[in-house]
Amino acid sequence: MTRKITACLLAVLVLLTMTSGTMAKESPNVSVQSVSAGPGDTVAVAVKLSDNTGFIDISLEIEYDAAALQLVKVEQNTAVGGNFTTSEHLFQQPYVLNWVATSNNTFNGTLAVLYFQISVEAVGEYPITISYYKGMNGDYIDGDDVNYNQDFEPLHLTYSAGKITVEEPETQITVTLGGKTEVLSAKHALTGQICVAGYRENGQLCSVKFYPAAEKITASVDPGAIRAKVFWLDSSRPVCAAKNIMM
């Protein structure tokens, strides 16, 4: 009886191990890298393949907001091998990337790098989506007409979009006082006022002066001040941390 119980337990363990291995297996995935940049920048965005089970055809479509982003260059990774083709023009949307091999290609890593020029007016998040190539008439079937292995079996690709996050640039205000300078910096419009407060050696406030916010300000304090504290205020609220200037 003990031997039978042990045999049953071993059989269950083997079955669980096989099931666990099957569940752990992941589908191949093509993804677009997410990056951050500033308005007017040119950024590189990688298109990557992972968990590749082997392909002889991969055909992909890339879409993005053409009002904020301009595709200026596409650079293939020659290590992928096979025959690489793209859309005829960089401005075409969706933009097509295609790789064709003569036998199962098991490459994993960066397939290509897309270079985008960001509009100077862009701020926020701009998705870059990726999917299978749907053909001239939009009737291609994923895994049948495109994206299959050497046995013409579907790759069962999954797709992960990326994005370009365009961060609002910081505004800088340079305050010069007594031959010394401090820079106030914040992601804020060039509005409000700069307050310059002068203090005597005993810590007593001796002067307060206000200047309209500008890129460069030449300030002054009353005689007798040994230091000054510089504030950037908008609607009486601080825009950023105050700075100290020693006289």
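The values are calculated or read from the model by the stated rules, or taken from the named source; none is laboratory data. Note that the structure is a prediction, hence the values are computed from the model and not measured. Here Cβ is always computed from backbone atoms with ideal geometry, including for glycine, and neighbour counts include all displayed protein chains. We work out accessible area using only protein heavy atoms, side chains counted, and drop any ligands, DNA or RNA first. Shrake-Rupley method; radii C 1.70, N 1.55, O 1.52, S 1.80 Å.
So, Leu60, is that one over 28 Å from Asn149 (Cα atoms), open to solvent by less than 60 Å² (accessible area, probe 1.4 Å) and either modelled with pLDDT under 95 or not acidic (Asp, Glu) (or both) or not? Steps first, please.
Values: over 28 Å from Asn149 (Cα atoms): no; open to solvent by less than 60 Å² (accessible area, probe 1.4 Å): yes; either modelled with pLDDT under 95 or not acidic (Asp, Glu) (or both): yes.
No; evaluated as a whole, the condition is false for this residue.
Determine, yes or no, whether Ala214 is open to solvent by less than 40 Å² (accessible area, probe 1.4 Å) and in contact with a Phe, Trp or Tyr (Cβ under 8 Å, 6 or more places away or on another chain). Give the derivation first.
Details: open to solvent by less than 40 Å² (accessible area, probe 1.4 Å): yes; in contact with a Phe, Trp or Tyr (Cβ under 8 Å, 6 or more places away or on another chain): no.
Against the criterion (open to solvent by less than 40 Å² (accessible area, probe 1.4 Å) and in contact with a Phe, Trp or Tyr (Cβ under 8 Å, 6 or more places away or on another chain)), Ala214 does not qualify.
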- Of all residues making up the range 127-139, the number that are open to solvent by 30 Å² or more (accessible area, probe 1.4 Å) and under 14 Å from Ile164 (Cα atoms): 2
- Item | Any pair with Cβ under 9 angstrom, 6 or more apart, that starts in the range 122-140 at a residue that is among the hydroxyl-bearing types (Ser, Thr, Tyr) and ends at one that is modelled with pLDDT of 95 or more and open to solvent by 80 Å² or more (accessible area, probe 1.4 Å) | Thr129/Glu63; Ser131/Glu63; Tyr132/Tyr140; Tyr132/Ile141; Tyr133/Tyr140
- Task: Count, please, the residues in the range 93-126 that happen to be open to solvent by 60 Å² or more (accessible area, probe 1.4 Å) and not in a strand (DSSP E or B).
- Result: 6
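Let's see how each residue does on (1) open to solvent by 70 Å² or more (accessible area, probe 1.4 Å); (2) under 32 Å from the mean Cα position of the chain (by Cα):
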residue: Ile141; (1), (2): yes, yes
residue: Asp151; (1), (2): yes, no
residue: His156; (1), (2): yes, yes
residue: Ser160; (1), (2): no, yes
residue: Lys163; (1), (2): yes, yes
residue: Glu168; (1), (2): yes, yes
residue: Ile173; (1), (2): no, yes
residue: Leu177; (1), (2): no, no
residue: Ala186; (1), (2): no, yes
- Checking Ser207 against (1) small (Gly, Ala, Ser); (2) more than 30 Å from Ile130 (Cα to Cα); (3) at pLDDT 95 or above, the condition it does not meet: (3)
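Can you pull out the strands (runs of 3 or more DSSP E) entirely within the range 183-247 that have at least 2 residues that are touching a residue at least 12 places away in the same chain (Cβ under 8 Å) and hydroxyl-bearing (Ser, Thr, Tyr)?
Details: elements: 193-199, 205-212, 216-219, 227-234, 243-246.
Result: 205-212.
Kindly establish whether Glu201 is farther than 30 Å from Lys134 by Cβ and under 31 Å from the mean Cα position of the chain (by Cα). Don't jump to the end; show me each part of the working.
On the way: farther than 30 Å from Lys134 by Cβ: yes; under 31 Å from the mean Cα position of the chain (by Cα): no.
Spelling it out, it is not the case that Glu201 is farther than 30 Å from Lys134 by Cβ and under 31 Å from the mean Cα position of the chain (by Cα).
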